[in-house]
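These notes concern the structure reproduced below.
Here, each number is a calculation from the coordinates, and none is a lab measurement. Owing to the predicted nature of the structure, the values given are computational and were not obtained by experimental measurement. Here Cβ is always computed from backbone atoms with ideal geometry, including for glycine, and neighbour counts include all displayed protein chains.
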Amino acid sequence: MSDILSAFAVLDPKGAIGAAELQLMVQAMLFMLIVAVPVFVLLFFFAWHYRAGNKKAKYLPEWEHAKIDELIWWAIPFEIVLILGALTWTSTHELDPPKPLEGEPALVVQVVALDWKWLFIYPEEGVATVNYLAIPVGRPVQFNITSDAPMNAFWIPQLGGMLYAMTGMTNTLHLVADEAGEYKGLSANYSGEGFAQMKFVAEAMPAEEFETWTIVTRSSSRYLSWQEYEHLAEPSVEERPTYYAGVENNLYNTIVMQFMESGTHAEAH
């Protein structure tokens, strides 16, 4: 039930990308209704008008060959397809996940999908979290997404589109939160026993609070070394968020490259 409610969260966007995607869905639905509504109206009209008890209904066996009528019911859908095609073309380029957003420099967050948890690394801030994502309001965020587990999908419904996480590669997604608040994040691709619990909290906060959060997180006693990461990567469900005050240098690249090379962690360095 919670996953269904999360899916409906796209109807209440809290970011520019989410709002643009909602507008696109509404536009596409309205254009398709131009065809769908008359079809259902005519369906019931024909069923009623040409019923067996209606002796006034005329039998016109050659009616389907009327050129003007055929022009109408072929031209309108054709024009709608052209409009939808134009919308698809423009929106595909405008909402392309790797396309940077306008505004101040983006906050870089490295995302690793694990069994069954989410690891977030802040390379510029030097901290990391598990199942908790903090971002500043109004500042674009660049998510570099990979996986150290079966293919997964990173999704914050109220902020924008979903993007797949795959081993040995990085996919880039740009999002922004326009309002402060807590938003649900989840996995949108089945990945095993703990899939249903693979959720996280994305909290958007003012820039000053984000800076304070970074400082407080650095005071944690945990350090995310490769050895700690190997323990973290073992299949398990994390019920509470975890915070790391420091991260081993180049850890994210090491996670990605371990599937690209035949070497070990040491060779990746």
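Loop-only GluC sites (Glu not before Pro) in the stretch 158-232, please: DSSP not H, G, I, E or B, and at most 16 other Cβ atoms within 10 Å.
Passing sites in the stretch 158-232 are GLU179, GLU193.
With an 8 Å cut-off on Cα pairs and a minimum separation of 6 or more residues, tell me the relative contact order of the stretch 66-204 in percent.
Once normalised by length, the contact order is 23 percent.
With the alpha-carbon atoms as the only input, what is the per residue convex hull volume for the chain in Å³?
186 Å³
May I ask you to sort TYR50, TYR122 by Cβ crowding, counting other Cβ atoms within 10 Å and putting the fewest first?
TYR50, TYR122
Name the lysines eligible as straight-distance cross-link partners of LYS99: C-alpha to C-alpha under 16 Å, and not fewer than 8 places from it in the same chain.
Counting by Cα, and skipping residues close in sequence, LYS99 has no lysines nearby.
What do you get for Rg/Rh of the stretch 88-132 when both radii come from the Cα atoms and Rh is the Kirkwood radius? Present the calculation step by step, with values, prior to reporting the outcome.
Working: Rg = 14.3 Å, Rh = 12.8 Å.
So for the stretch 88-132, dividing Rg by the Kirkwood Rh gives 1.12.
Hey, what number do you get for the chain at 222 nm if only DSSP H runs of n ≥ 4 count, each worth -39500 (n - 2.57), divided across all residues, to the nearest 500?
About -12000 deg cm²/dmol.
If we count other beta carbons within 10 Å of each Cβ, what is the order of VAL216, VAL201, VAL127, VAL256, fewest first?
Exposure proxy ranking, most exposed first: VAL216, VAL201, VAL256, VAL127.
Over 10 Å intervals from 0, what percent of Cα-Cα pairs in the stretch 116-269 sits in each interval?
Spelled out bin by bin, the stretch 116-269 gives 11, 40, 38, 10, 0 percent.
May I ask you to sort LEU30, LEU84, LEU186 by Cβ crowding, counting other Cβ atoms within 10 Å and putting the fewest first?
LEU30, LEU84, LEU186
Would you please give the residues with an amide H less than 5 Å from that of LEU107, counting only those at least 5 places away or on a separate chain, with H modeled from the backbone geometry?
Answer set, sorted by chain and number: VAL141, GLN142.
Which of the helices in the chain meet the span-like rule: DSSP H, Cα axial reach of 27 Å or more, Kyte-Doolittle mean at least -1.0? Display every interim value, and only then the final one.
On the way: long enough: 16-49 (49 Å, 1.96); 67-94 (40 Å, 0.70).
What comes out of the filter, once short or polar helices are dropped, is 16-49, 67-94.
Rounded to two decimals, what is the ratio between the C-alpha radius of gyration of the stretch 1-160 and 2.2 N^0.38 Å? Each step should come with its number before you reach the end.
On the way: Rg = 24.9 Å, N = 160, 2.2 N^0.38 = 15.1 Å.
For the stretch 1-160, the normalised Cα radius of gyration is 1.64.
For LYS67, go through the lysines and keep the ones whose alpha-carbon is under 28 Å away, minus same-chain ones fewer than eight residues off.
The qualifying lysines are LYS55, LYS56, LYS58.
Dividing the convex hull volume of the alpha carbon atoms of the stretch 2-94 by its residue count, what do you get in Å³ per residue?
About 142 Å³ per residue, rounded to a whole number.
For ARG51 and ASN249, compute 0.36 nm times the residue count separating them, minus their Cα-Cα distance, and round to one decimal in nm.
Between ARG51 and ASN249, full extension yields an extra 63.6 nm.
Just to be sure I understand the model, the point goes 7 Å from the Cα along the line to the Cβ. What's the resulting LYS99 to ALA20 distance in nm?
About 0.5 nm, to one decimal.
Are there chymotrypsin sites (Phe, Trp or Tyr not before Pro) in the stretch 176-221 that DSSP puts in a loop and that have at most 16 other Cβ atoms within 10 Å, and which ones?
Passing both the DSSP loop test and the Cβ count: TYR190.
Can you give me the relative contact order of the chain as a percent, contacts being Cα pairs under 8 Å and 6 or more apart?
Answer for the chain is 21 percent.
Loop only per DSSP, at most 13 neighbouring Cβ atoms within 10 Å: give me the GluC sites (Glu not before Pro) in the stretch 85-167, ordered by residue number.
GLU102, GLU124
Restricting to the chain, compute how many DSSP beta bridges are antiparallel as a %, nearest 5.
About 65 percent, rounded to the nearest 5.
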